[in-house]
Amino acid sequence: MAGQRIPIRVGDIELLVETVPVAGSEPTSGLDAARDKVVDAYERAQVAIVEVAASTADTIRKLAARTVRPDKLEVEFGLKFSAQGNVIVAGVSGEATLVVRLSYDTQSGKRPSAHAASQASSQPRALDQPSSDERSDDSARDQQLRE
Amino acid sequence: MIQREINSSGNERVSTPAREVPGYLGRVLDPGSVPAGTFFQVEPHVLITACHVLAEVGAGVIGANVRLDPLIGGAAFDGRVTRMDQAHDIAVIQAEHTLPTSIAGLTATEDVTIRTDLLITGVSTVDDPYHAYRYLHAVGSWRGTTERDDHLQLGRLQTRDLVRGMSGAPVRRLVDDLVIGMVSARYNSVDGWLRDSV
């Protein structure tokens, strides 16, 4: 079952946003109320992205407290919209809805102490900026937790 | 509007010409004259539509004025909302103008036999960027009644042809054109279960 494509304006550009169908009753009136709902959903999606990033940073802090702070943490997820204005967390890679990658640099052998980790977590590094140690991909071990 | 023929075996054949739009059908318009839904005339000056259609055009309260026009084409006219049953999504409009005809009649929804052939004609909002379709017909089959949330009696039919804009349209029994209900909503199925339910 294909979703509707609804035109919405983002800044100065009009985009066609493809919605995903969700189960349930839907009034069959003719006006395109879905457009306003998707605009609202788009704005809420931006809030969702910030919240997920904040939650990820919190996860790093918890890992640091257990002296297993990863050198790099990636969270991958997709967002879709329904015509009813729902924001849906959707899979972007294989069948996983949410992909979490924890990377440890085994070559350097560093494993921060709880104290060091605590200091590090007070100034978290941007998740999309790998350290020089992380650029050696063959030395990193990726662990993917799929939910 | 309904053609009846008796064949050599004595059986009655009933048909509705696909290009014919009953004169008792009309469109509920928003302030920009964009059709939001369908209405039907039960007797001169007395029109029925869905409450949520009126709400979408800013006329979702008793006493509100609403702009209307005939589905078959013609000048727009005004009506005033006089009754609303929000639970059943049914509203009554008193119109200053009368349409050429009224419905053949009403019949009790609960008395309709399962699998009875039905016809819905109404406003059609079709996902076609380059064309607009003033009306469409949706042929369906009766699937009986149900009770929603332990208090609301609803009828259900199965059709693949229903489109947005048909809210407020009468559900007519094909054999005699009697109205057995009014379109309010469809059920969207994602997994295929209960698909094409209205």
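For the reader, a short list of remarks on this structure follows.
- For chain B, the dipole from Cβ point charges (+1 on Lys and Arg, -1 on Asp and Glu) about the Cα centre works out to 260 debye, to the nearest 20.
- In the complete set of protein chains, residue-level accessible area for A:LYS72 is approximately 50 Å², probe 1.4 angstrom.
- Taken about its Cα centre, region B:143-190 carries a charge dipole of about 220 debye when Lys and Arg each add +1 at the Cβ and Asp and Glu each add -1 at the Cβ.
- Look at the dipole of region A:31-71 built from charges on Cβ: of A:VAL39, A:SER55, A:ALA65, the Cα furthest out on the positive end belongs to A:ALA65.
- Cα gyration tensor, region B:91-145 - rounded (a/c under 1.5), prolate or oblate: oblate
- The fraction of accessible area contributed by carbon and sulfur in chain B is 49 percent, rounded to a whole number (1.4 Å probe; ligands and nucleic acids excluded).
- Cβ charges +1 (Lys, Arg) and -1 (Asp, Glu), total dipole of region B:117-198, debye: 100
- Each Cα pair of chain B feeds into the Kirkwood radius, which the Stokes-Einstein equation turns, at 10 °C and 1.306 mPa s, into a diffusion coefficient of 92 µm²/s.
- Pairing chains A and B buries close to 1600 square angstrom of accessible surface in total, based on protein heavy atoms and a 1.4 angstrom probe.
- Ordering B:LEU99, B:PRO129, B:THR159 by Cα displacement along the dipole of region B:93-171 toward the positive end leaves B:PRO129 in first place; charges were set at the Cβ atoms of Lys, Arg (+1) and Asp, Glu (-1).
- Residue list for region A:16-56, given a label point 7 angstrom along the Cα-to-Cβ vector of B:LEU152 and an amide N cut-off under 16 Å: A:24-29
- Solvent-accessible area of B:GLU96 with every protein chain in place, 1.4 Å probe, in Å² to the nearest 10: 130
- The modelled label-to-label distance for the pair A:ILE13/B:VAL126, using points 7 Å beyond Cα in the direction of Cβ, is 3.2 nm.
- Exposed trypsin sites (Lys or Arg not before Pro) absent - longest run of chain B, DSSP non-H/G/I/E/B, at most 16 other C-beta within 10 Å: B:20-114
- Occluded residues from region A:7-29, i.e. those whose accessible area drops by 10 Å² or more once the chain is not alone (1.4 Å probe): A:PRO21, A:VAL22, A:ALA23, A:GLY24, A:SER25, A:GLU26, A:PRO27, A:THR28, A:SER29
- Over chain B, relative contact order from alpha-carbon pairs under 8 Å, at least 6 apart, %: 19
- Accessible area per residue was computed with a 1.4 Å probe on protein heavy atoms; B:ASP78 scores about 60 Å².
- Using the Cβ of B:ILE103 as centre and a radius below 9 Å, the other residues enclosed give a net charge of -1, where K and R count +1 and D and E count -1.
- In the context of the full set of protein chains, chain B has a per residue accessible area of 51 Å² (1.4 Å probe).
- For the set B:HIS137, B:HIS131, the ranking by accessible area, highest first and with no ligand, DNA or RNA atoms included, is B:HIS131, B:HIS137 under a 1.4 Å probe.
The values are calculated or read from the model by the stated rules, or taken from the named source; none is laboratory data. From a predicted model like this one, the values you see are computed outputs, not experimental measurements. A quick note on method: Cβ atoms are made from the backbone with ideal geometry, for glycine too, and the neighbour counts reach across all protein chains shown. The protein model used for the area step is the full one, side chains on, heavy atoms only, and it has no ligands, DNA or RNA in it. Shrake-Rupley method; radii C 1.70, N 1.55, O 1.52, S 1.80 Å.
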